[in-house]
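What follows is a set of notes on a single structure, which appears directly below.
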Amino acid sequence: MMQQETRTFKQAVVEQLFTEHLSKLPNPPKPVQFLKDLQAVDALIAKEREGDYEFAHLSFQEYLAAARVKETKDDAVFLQALNDSENLSWWAETMRLYAAQTDASRLVDAVVQEPALEKILLAWNFCREGRVGVLQKQSLLDLIDEPLKILEPADFQYAQDSQPRYFKLAHYLQTEQWQAADRETYEVMKRIMGGWLLQEIKDFPCPDLSVIDQLWLKHSQGKFGFSVQKQIWVEVGGKLDYGKDRQAAKDTFEALYLEVNWSTIRYELTSPRGHLPCVAEPGFYGYGGGRGGEIWLMWGGEGAFDYIYWVSILFSRIQACRL
């Protein structure tokens with residue numbers, strides 16, 4: 001069923017299989033009764049047509065598939081899925097469940113030999129949840145750390161110790177997937193802070209801010225990054241501590257907005273200095289409105305002043321972190 005990518009099956013198809021396995025139990029139930037028992041605990045759903053069933057929860061089907069592969073010691077179906085990007089997502093959870101039950105070194109080996117972003121992240125999950133050989137795990141760690149090697153030693157060590165927090169961001173920047181990197185910057189910062197309140201950005205950890213900034217800075221040859229934007233903020237007359245003077249912060253933001261040309265977001269290395277990251281959250285209302293206005297962040301409900309003020313606080317934090 002997993003290979004056919006379906007949750008539905010016919011009673012006649014599984015009766016023989018059930019009979020074979022149920023016969024190993026003391027006082028085995030009849031296959032039909034067994035199906036009814038599964039329905040009673042909400043594991044199966046009877047379809048409208050007589051004799052048709054489907055798993056009520058895909059996770060139950062995935063668990064059974066993982067257990068079956070472990071029992072037969074035949075992980076060829078997983079190795080095939082790792083080389084099929086279209087089907088990888090269908091098999092991912094089953095492979096995770098399998099890795100939690102048995103040694104997944106062969107799967108990690110396969111990923112290391114033909115690495116790709118989603119496969120590497122999946123293999124890292126295998127290492128966290130199951131048993132993986134020392135050599136295989138080290139080979140995977142080397143892959144995950146590779147896009148971080150552009151960092152200075154202190155930043156590299158911190159990012160390495162925090163893995164896989166920065167792998168996706170570093171990968172996107174290394175491969176010049178600027179829009180994906182922008183989105184991942186938002187996700188990383190949100191996970192670190194747990195939200196977007198002003199106090200949280202005031203207390204944003206300097207080591208994390210440095211890693212994020214340096215990844216952008218180095219992969220863009222010094223063109224993009226929070227520290228670049230902070231410098232432009234100062235160049236257009238901005239201060240790094242406006243206190244409660246939000247109008248002054250708004251005036252400076254408007255000058256920054258024009259300088260980096262945020263009226264039209266372009267995810268290209270040819271964009272103006274300081275254009276990225278804009279950390280846009282799709283669906284949030286940004287300064288100026290419209291698609292081009294989806295810049296930076298809007299987290300509360302108090303209007304543009306709050307989110308502009310958030311920017312000034314971020315730059316103040318960057319200064320405090322000596323970036």
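Readers should treat all values here as calculations from the given coordinates under stated rules, not as data from a laboratory. This structure is a prediction, so every number in the text was calculated from the model and none was measured. With ideal geometry, Cβ positions are generated from the backbone for all residues, glycine too; neighbour counts draw on all protein chains shown.
With the convex hull of the Cα atoms taken as the outline of region 186-233, the averaged projected area works out to 3.5 nm².
The calculated FRET efficiency for the pair GLU235 and ARG131, based on their C-beta separation and a Förster distance of 51 Å, comes to about 0.40. Label-to-label distance, THR270 versus GLU15, with points set 7 angstrom from Cα along the beta-carbon direction: 6.8 nm. Segment ASP161..SER85, full-extension length gain: 24.4 nm, with 0.36 nm per residue of separation and the alpha-carbon distance subtracted. Site pair LYS73 and GLU176 shows an inter-label distance of 4.9 nm when each label is modelled 7 Å from Cα along Cα→Cβ.
Between region 206-281 and region 115-189, the alpha-carbon centres lie 25 Å apart. Working value for region 160-201: equivalent-ellipsoid semi-axes of 21, 13, 6 Å, each the square root of 5 times a Cα gyration tensor eigenvalue, largest first.
In plain terms, the residue of THR270, THR19 with the fewest other Cβ atoms within 10 Å comes first and the most crowded comes last, giving THR270, THR19. Backbone geometry of region 132-149 corresponds, through the Karplus equation with coefficients 6.51, -1.76 and 1.60 at θ = phi - 60°, to 3J(HN,Hα) couplings of 9, x, 4, 5, 5, 5, 5, 4, 5, 4, 4, 5, 5, 7, 3, x, 8, 5 Hz, x marking Gly and Pro. Extension gain for the segment ALA116 to LEU141, taken as residue separation times 0.36 nm less the Cα-Cα distance, is 7.6 nm to one decimal. The ranking of TRP90, TRP262 by Cβ neighbour count inside 10 Å, starting from the fewest, reads TRP90, TRP262.
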